[in-house]
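Note sheet for the following structure.
The values are calculated or read from the model by the stated rules, or taken from the named source; none is laboratory data. Not measured: the values here are computed from a predicted model. So basically every Cβ, Gly included, is an ideal-geometry build from the backbone, and we count neighbours across all protein chains shown.
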Amino acid sequence: MSWIYGVLQKKGILNANFKLKEECRSLERKNFYLALDKQSYLLTSEENNIEAVIGVPIVTFNSKKIILTEKNLNSITTITPNELDGHFIHLKFENEKLKIQNDIFGLRDLYFINSKEQFIFSSRIDLLAKHLKKLSLKSANFSSLWLTNFQLSHNSILNEIQRLGPGGKILIDKNQINIHNNKFKKIGSIQNPKEIFQNLLSEFCLIQSEYDKSSLGLSGGIDSRIVLSFLLKEKDNFVCHSILNEEDKDLKVSKEICEKLNIELNLIEREKINLTDYENDILNFYQNISPVIPLTQLLDFGIFGVNYLKNYLILDGGFGGFFRGQYLKKIRLQGYEKFNLDNWQNVKKNLYAPKPKIFNKDFISILERDLDESVIRFMEKFGNLKSNEEMLEVLDLIAVHFMLSNIYNPGQTILDQKFNAFMPLAQKEVINTGMNISFKAKVDSKYFKNIIKNNNQLLSKIGLVNNNLENPYWLNYKFVMLRLLLSRKFSKKNNFERYKILYNSKEYILDLLSQKSTKENIYLNSKVNGKFAKEFFKGDLSKGYFIDWLLAFILWYRANNLG
């Protein structure tokens with residue numbers, strides 16, 4: 001696991017009250033206590049100088065970017081937090097001053113409780129919950145998390161705990177506390193951004209780490225393929241992996257790529273597990289994230305393929321859609337005139353993507369009401385835009401500010417717990433340079449396709465997969481969408497294969513739903529949830545999506561000691 005926990009005593013005698021069954025490292029000073037898991041990096045541990053970092057930090061060493069690891073730790077004499085790349089939380093306690101900050105995108109979360117006596121912080125909600133009598137959902141923030149594509153703020157979804165947010169900095173000196181966030185801003189203009197973008201992406205795709213080999217998560221899509229194209233061009237010590245899932249076209253194309261290019265492809269199987277055997281692992285994962293990852297996806301991230309993946313630096317093409325104009329497309333296509341506060345209801349409609357109705361009617365009503373207020377607050381940030389060009393930049397910044405911290409953060413945090421995982425496309429220099437490339441060049445994946453072709457021509461002769469539909473490599477995106485619509489119209493096939501993994505845990509799931517704590521949960525609709533579970537286990541796999549999210553919420557709720 002990769003986590004951090006600490007207490008700064010502002011008044012009275014230090015009272016950390018920290019007990020944990022897991023193995024960890026801890027340091028105690030007169031008014032400060034720090035605990036870290038063994039995968040975190042303790043840089044210094046002197047009496048008046050403690051420095052630590054968790055996550056996947058990138059440092060520059062001998063003019064090259066490298067991922068900080070135990071092997072190279074002794075070679076790094078100093079770390080300047082503002083110069084760190086990657087995704088991390090950095091802490092320094094020196095001469096009674098405490099400084100904490102995370103990366104500019106907030107891809108690693110820090111939560112805290114600030115009282116008159118203590119400042120308590122952790123990357124894990126459950127460790128803070130031990131200091132509180134109870135935790136409760138803050139519906140104003142939880143509403144957009146559950147009802148839209150992504151949470152529309154960086155605030156905590158819990159009433160009793162605060163969240164630092166992207167680019168966050170905390171400075172405590174003599175009981176004076178200063179907390180602020182430095183938002184990512186586009187730095188323009190960059191000359192020759194296309195050339196610089198490719199150089200940067202190559203540098204990050206080929207980054208050095210403690211592992212002898214990298215393993216790329218390969219699919220039939222374009223984002224993993226662009227990473228692969230750089231690996232093929234300049235690196236020979238890498239392999240690929242794909243999960244044996246319901247997306248059979250993805251697997252077909254992944255195999256075709258690896259066979260034609262003589263690349264080792266390792267297939268990760270979704271084993272027939274019983275959730276009872278993995279409950280502790282699952283709870284540990286949900287202690288580090290908000291409930292935005294359904295259970296079966298969490299199993300894909302952190303349970304299946306562990307024995308294989310732990311031996312490699314894991315690469316993936318996450319956030320590639322940002323460079324292809326794929327995010328917030330519905331809003332973009334409507335034009336800048338409709339993206340304003342007066343038109344907030346239309347914006348809400350385009351963002352609305354509710355997860356299953358597992359909650360009772362009263363709580364759903366509260367969430368729907370609070371979502372209106374959240375969208376209004378969200379739109380108040382942008383004012384009236386004057387052109388489509390201005391809107392494109394705003395939409396880019398929305399994706400960077402909110403999607404990375406609220407969608408990609410949880411997945412990467414789960415991977416942190418057992419693996420060393422890295423997203424080359426989600427680095428600040430890459431993103432900033434990409435924003436300086438014209439939208440016209442990027443849209444329809446034209447720019448990515450050209451890069452891939454220039455790096456490896458054979459990759460441009462193999463079809464691309466979109467939503468389990470294989471298309472010719474150069475097919476225009478409009479025709480891709482047309483084919484997809486026609487496929488959905490004339491094909492009645494529904495693929496619920498991923499939910500079959502839950503069948504082996506029928507007894508565990510029904511027991512979980514029948515427990516008193518679940519039935520008396522003030523947010524859930526226990527009667528409807530129990531009915532859907534019974535229908536699912538009678539063979540109605542269409543209820544799998546509902547059960548998947550229901551289990552995610554219940555297990556997250558339990559993991560973090562809510563209620």
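Suppose the filter is of a type in the set (S, T, N, Q) and at pLDDT below 95; does residue 525 pass it? Steps first, answer last, please.
Details: of a type in the set (S, T, N, Q): yes; at pLDDT below 95: no.
Considered against the rule, which asks whether it is of a type in the set (S, T, N, Q) and at pLDDT below 95, residue 525 comes out as no.
Of everything in region 256-277, what is assigned to a helix (DSSP H, G or I) and crowded, with 16+ Cβ neighbours inside 10 Å? Give them in sequence order. 257, 258, 275 - these are the residues of region 256-277 that are assigned to a helix (DSSP H, G or I) and crowded, with 16+ Cβ neighbours inside 10 Å.
Report yes if residue 445 is of a type outside the set (A, V, I, L, M, F, W, C), in a helix (DSSP H, G or I) and at positive phi, otherwise no. Yes.
What about residue 123, is it more than 23 Å from the chain's Cα centre (by Cα) and either at pLDDT below 95 or closer than 26 Å to residue 398 by Cβ (or both)? Against the criterion (more than 23 Å from the chain's Cα centre (by Cα) and either at pLDDT below 95 or closer than 26 Å to residue 398 by Cβ (or both)), residue 123 does not qualify. Do we have any residue at all in region 83-104 that's at positive phi and surrounded by 13 or more Cβ atoms within 10 Å (Cβ to Cβ)? Within region 83-104, one or more residues are at positive phi and surrounded by 13 or more Cβ atoms within 10 Å (Cβ to Cβ). Just a yes or no: is a residue in region 244-254 in a loop (DSSP other than H, G, I, E, B), surrounded by 17 or more Cβ atoms within 10 Å (Cβ to Cβ) and not β-branched (Val, Ile, Thr)? So far as region 244-254 goes, yes, one or more of its residues are in a loop (DSSP other than H, G, I, E, B), surrounded by 17 or more Cβ atoms within 10 Å (Cβ to Cβ) and not β-branched (Val, Ile, Thr).
Here residue 405 clears all of (1) buried (at least 18 other Cβ atoms within 10 Å of the Cβ); (2) more than 24 Å from residue 142 (Cα to Cα) except the condition numbered (2). Here is the figure for region 340-376: residues that are surrounded by fewer than 17 Cβ atoms within 10 Å (Cβ to Cβ), farther than 20 Å from residue 546 by Cα and not basic (Lys, Arg) total 9. For residue 394, the test of being under 17 Å from residue 318 (Cβ atoms), in a helix (DSSP H, G or I), touching a residue at least 12 places away in the same chain (Cβ under 8 Å) and not charged (D, E, K, R) is failed.
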